[in-house]
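Novice: Questions regarding the structure given below will be posed in turn.
Every number here is computed from the coordinates shown, using simple stated rules; none is lab data. Because the structure is a prediction, the values reported are computed rather than measured. Neighbour counts are summed over all protein chains in view; Cβ atoms, including those assigned to glycine, are modelled from backbone coordinates with ideal geometry.
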Amino acid sequence: MVRREKKGTWVEIHSIILPSGERAPQVPEDTRGVAFEMRVKGFLVEAATVGEEAEIATSAGRRLRGVLDAVNPAYTHSFGPPIPELSAIGGEVRAMLRDRGRFR
Amino acid sequence: MSDDQGYQAVMARRAEIMRRSIGLDYDQYSTGVLAFDYERLFADVGYDLKAVRAVQDRTGVGNTPLVELENITALVRTVAQPGKGARIFVKDEAKNPSGSFKDRRASLSVHEAKKRGYAGVAAATSGNYGAAVASQAAKAGLRCIIVQEAFDSRGVAQPEIAEKTRACEAYGAEVIRLSVGPELFYYFLRVLEDTGYFNSSLYSPYSILGIETLGFELAQQIEELAERFPDAVVTTHAGGGNVTGTARGLLKAGATDTEMIAASVDLSGLHMASDHDFNRKSFTTGHTGFSMPFTTWPDRADVPRNAARALRYMDRFVTVTQGEVFYATQVLAELEGLERGPAGNTSLAAAFAIAQEFDEDCIVVVQETEYTGAGKHPLAQLNLAKQMGIKVMRGDPRENIPGRQIVVPEHVAQIRVSEVDLDWVRRSYLGNAIAALPEGARLGAFDVEFLAAETRTTTSYVEEVLDEMCRTGR
C-alpha cells in the first residue's frame, strides 16, 4: 500500500525550473545539457505521496508546488574522516616554535 | 505582476522588478553615458557611520575583538629575513550573531526594509550572507527567502552551502535551493516579483555602509593599542563588498596611509557556471571566480549600480592557492586556538607571506574570520575533493591545480602570494566599460573622470588606454 504523508508534515519538494533545452544562452555546454532544478522545504498543505505532485507552505508563508521528494529530510553534511595531509601540520609548526621557547 | 514566468519574459522585466524591490531610483545618479554619482548614492541613503553603529548595536553586530596572532607572528619570523615579520592581528568577525562579517552587511539592509514597510527580505546568496540576512530578519520580525546555488545535476550538495541551508532554515527562512547556473538570477527575480519583498542585495549602498564599521573599528582598535594605524589590511576578496566597505571605513577613521590588500583564492581554470566544476572548487567564496569578473566590471550584480567597487580602493591584489588556505586554517586552530573559516582565512594565508615584507614593528591586520562547523570546514571540503577525484597531497603549493590537485604546503616558508597585475585589471575594466557603451554613444568629460576614479588612475591614463584600444581595434 502506498504511504500517504500527513498534512502538516515537513517535507522537501523538487521541480524543474528550466529543462535542459531551455537554459540561458550564456551557460557552458555541460550545464546546458542538464535541467535547472529547484528543491525547497515546507509543510504539506494536504496529504501527499512521495514521488507525486504536492503543495507546501514554506517558512515565508508561500505556497509552492512540486514533486514530493523527501519527508523530514536530514541534514547530512558532516566533517568526514580526518585528512592525513592536514593532521601533521600542528606538530610541525609547534616544533618550529619550541626552539624559540614558545611551546612545550 | 505579469503571468508570464518564462525566462525571457522575466528577464525583460528585470529593471522594473529591481527598482521596486530596492526602492531606489538609480537613474537619478547618472551623470554621463557610463558615469554616475557614486558618493551621492551613499549620501542619499541617509546613514552616517554613527547611525549605522546604532542600528548594529541593537542586534549585537560588530564591536568584535581584535586578536594579536602572536604565535603565528613568531612562526612567520622563523622564515622571514632578520628584522622582518610584522605583527599580525585578526579581527574575529566570527563573533558576530550569525558568525561572520556578513551580519554587518545585512544589518542596515534589513533595518531599512522594516522601516519602509516591506513584509520580508530576499537575498540571492549561497554563503554566510544568507545566514546573516535570515538572522537579522528573524530579529526584525520580517519574512525571509534565501536563494542558493546549492547542488549539481547529480544532486550532490556542496557541503559548505548545505551548512548555510541549515543555518538559514534554523533562523526561520525559506531556502530555495537551485542547481548550478546563472539562471539563479532569473529565479530570484521571480521570487522578488511574487513576494514584493525587499531585495537585500549584497551590492546595495546599505550593504556597503554596513561594512564600513569593520574598517573603522579595526583602525581605532589598532590605534588604541599601538598609537598608530595598521601598515596593511589584508581582505578576502570576492564580489568586492568586503574590500570596498572596509577601505571606506579605514578612510573615515583617518587611516589614509594603510595599504589595502585584496586576497583571493586562485581558482583559475574552473568555470563558475559549470555543473561539472561546481563541486571541484573546494571554496565557495573568496575566490577569483568572483573577484576577477567583479573587479573588472562590478555592474554584473542584482542591482543596477553596484555599490561595491573594489578597484577604487585596492592598493594591491594577490592570490593564494587552495592548499595554502587550508594550511593557514589548520595553523590558526593549532597555534592560536581559533577554529575558523576556511574561506575567510584566504587573507590570513596571504598575511603569512605579506607580513614578511614588513619590519617587525609594523602591523598587518587580517580583517575577518568566519564561523566553522560541519560542511563548512577543510575536512569536509577535502573529503569532497577526494571523492571528486581531486588529488590531495603535501608539497610545493606552486603545484596546486584547481580542480585537479590540492597541494598543502610542507613548510610555512613555501607560502607565497602571487601578484595580480593591477594595470592589467584596469585595462580589463576599461575594455568592459567600452563594451558596455550603448551603440553609437560617446564618452563625455564626466565619463572619463568617472573611469579614472573607477580605476584609481588619472584622466590622461584613461584616455591613453582608450586611444590604444581604439587603435588596436579592441
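Novice: Which distance in Å, rounded to a whole number, links the C-alpha centroids of segment B:385-439 and segment B:42-70?
Specialist: Cα centres, segment B:385-439 to segment B:42-70: 32 Å.
Novice: Which of the helices in chain B meet the span-like rule: DSSP H, Cα axial reach of 30 Å or more, Kyte-Doolittle mean at least -0.5?
Specialist: Details: long enough: B:205-226 (32 Å, 0.40).
Within chain B the helices that satisfy the rule are B:205-226.
Novice: Below 15 angstrom from the Cβ of B:V180, what's the summed charge of the other residues (Lys, Arg +1; Asp, Glu -1)?
Specialist: Charge balance near B:V180 sits at -2.
Novice: What's the extension gain from B:D27 to B:N63 if we count 0.36 nm per residue and subtract their Cα-Cα distance?
Specialist: The B:D27-B:N63 span can extend by a further 9.4 nm.
Novice: Moving on to the next point. Helix A:89-98: angle to the longest alpha-carbon principal axis of chain A, degrees 0 to 90, nearest 10?
Specialist: Here the helix axis deviates by roughly 30 degrees.
Novice: Average partner chain C-beta neighbours within 10 Å, per residue of B:180-189? Display every interim value, and only then the final one.
Specialist: On the way: counts 7, 13, 6, 9, 3, 1, 4, 4, 0, 0.
The mean count of partner-chain Cβ atoms within 10 Å per residue comes to 5.
Novice: State, as an integer percentage, the relative contact order of segment A:21-69 based on alpha-carbon contacts under 8 Å between residues 6 or more apart.
Specialist: Result for segment A:21-69 is 25 percent.
Novice: About its Cα centre, what dipole magnitude does chain B give when the only charges are +1 on Lys and Arg Cβ and -1 on Asp and Glu Cβ, stated in debye to the nearest 20? If you can, show how the numbers build up before the last one.
Specialist: Values: 50 positive and 63 negative charges, 224 e Å.
It works out to roughly 1080 debye.
Novice: Using the Cα centre of segment A:10-75 as the reference point, and only Cβ charges (+1 on K/R, -1 on D/E), how large is the resulting charge dipole? Debye, rounded to the nearest 20. The partial results should precede the final answer.
Specialist: Details: 7 positive and 10 negative charges, 52 e Å.
For segment A:10-75, the charge dipole is close to 240 debye.
Novice: Would you mind counting up the charge near B:G127? Only other residues with Cβ under 11 Å from its Cβ, with Lys and Arg at +1 and Asp and Glu at -1.
Specialist: Result for the neighbourhood of B:G127: 0.
Novice: Mind sorting B:M469, B:M388, B:M314 by how few other Cβ atoms lie within 10 Å of their own Cβ, fewest first?
Specialist: Lowest count first: B:M469, B:M388, B:M314.
Novice: Still on this model: Please list, or write none, the aspartates and glutamates whose alpha carbon is within less than 13 Å of the alpha carbon of A:K41, excluding same-chain residues fewer than 8 places away.
Specialist: Leaving aside aspartates and glutamates fewer than 8 places away in the same chain, those within reach of A:K41 are A:E12, A:E55, A:D69, B:E169, B:E174.
Novice: Are there any trypsin sites (Lys or Arg not before Pro) in segment B:133-187 that are in a DSSP loop and have at most 16 other Cβ atoms within 10 Å? List them by number. Don't skip to the answer; put the middle values down first.
Specialist: Working: sites: B:K139, B:R143, B:R154, B:K164, B:R166, B:R177; in loops: B:R154.
Of the trypsin sites (Lys or Arg not before Pro), the ones in loops of segment B:133-187 whose Cβ has at most 16 other Cβ atoms within 10 Å are B:R154.
Novice: Moving on. Translational D (Stokes-Einstein, µm²/s) of the protein assembly as shown at 25 °C and 0.890 mPa s when Rh comes from the Kirkwood sum over C-alpha pairs?
Specialist: Answer from the Stokes-Einstein relation: 100 µm²/s.
Novice: So what is the calculated 222 nm ellipticity per residue for chain B, using -39500 (n - 2.57) for each DSSP H run with n of 4 or more, over all residues, to the nearest 500 deg cm²/dmol?
Specialist: When only DSSP H runs of four or more count, the value is -13500 deg cm²/dmol.
Novice: Let me ask you something else. Summarise the partner chain shielding of B:169-175 as one whole number: the mean count of Cβ atoms from other chains within 10 Å of each residue's Cβ.
Specialist: Partner-chain Cβ atoms within 10 Å, mean over residues of B:169-175: 4.
Novice: Only Lys, Arg, Asp and Glu count, each charged at its Cβ (+1, +1, -1, -1), so figure out the dipole size of the protein assembly as shown about its Cα centre, rounded to 20 debye. Mind showing how you got there, number by number?
Specialist: Values: 66 positive and 77 negative charges, 291 e Å.
Computed charge dipole of the protein assembly as shown: roughly 1400 debye.
Novice: Net charge near B:V52: determine it from the other residues with C-beta under 13 Å of the C-beta of B:V52, scoring Lys and Arg +1 and Asp and Glu -1.
Specialist: +1
Novice: Defining a contact as two alpha carbons under 8 Å apart and six or more residues distant in sequence, what relative contact order in percent does chain A show?
Specialist: With pairs under 8 Å counted, the relative contact order is 27 percent.
Novice: Sorting B:D152, B:D396 on the 10 Å Cβ count, fewest up front, what's the list?
Specialist: Final ranking by Cβ density, sparse to dense: B:D396, B:D152.
Novice: Of A:V40, B:A349, B:V364, whose Cα points farthest to the positive end of the dipole of the protein assembly as shown (charges on the beta-carbon: +1 Lys, Arg; -1 Asp, Glu; origin at the Cα centre)?
Specialist: The residue sitting farthest along the positive end of the dipole is A:V40.
Novice: Averaged over B:402-409, how many beta carbons belonging to a partner chain fall within 10 Å of each residue's beta carbon? Walk me through the numbers on the way to the answer.
Specialist: Numbers: counts 0, 0, 0, 0, 2, 1, 6, 1.
Mean number of neighbouring Cβ atoms from other chains: 1.
Novice: Give me B:H271, B:H111, B:H411 ranked fewest to most by other Cβ atoms within 10 Å of their Cβ, as a rough exposure proxy. Numbers along the way, then the final one.
Specialist: Working: B:H271 19, B:H111 23, B:H411 13.
Ranked by crowding around the Cβ, least crowded first: B:H411, B:H271, B:H111.
Novice: Identify the GluC sites (Glu not before Pro) of segment B:376-474 meeting these criteria: DSSP loop state and at most 11 other C-beta atoms within 10 Å of the C-beta.
Specialist: B:E439
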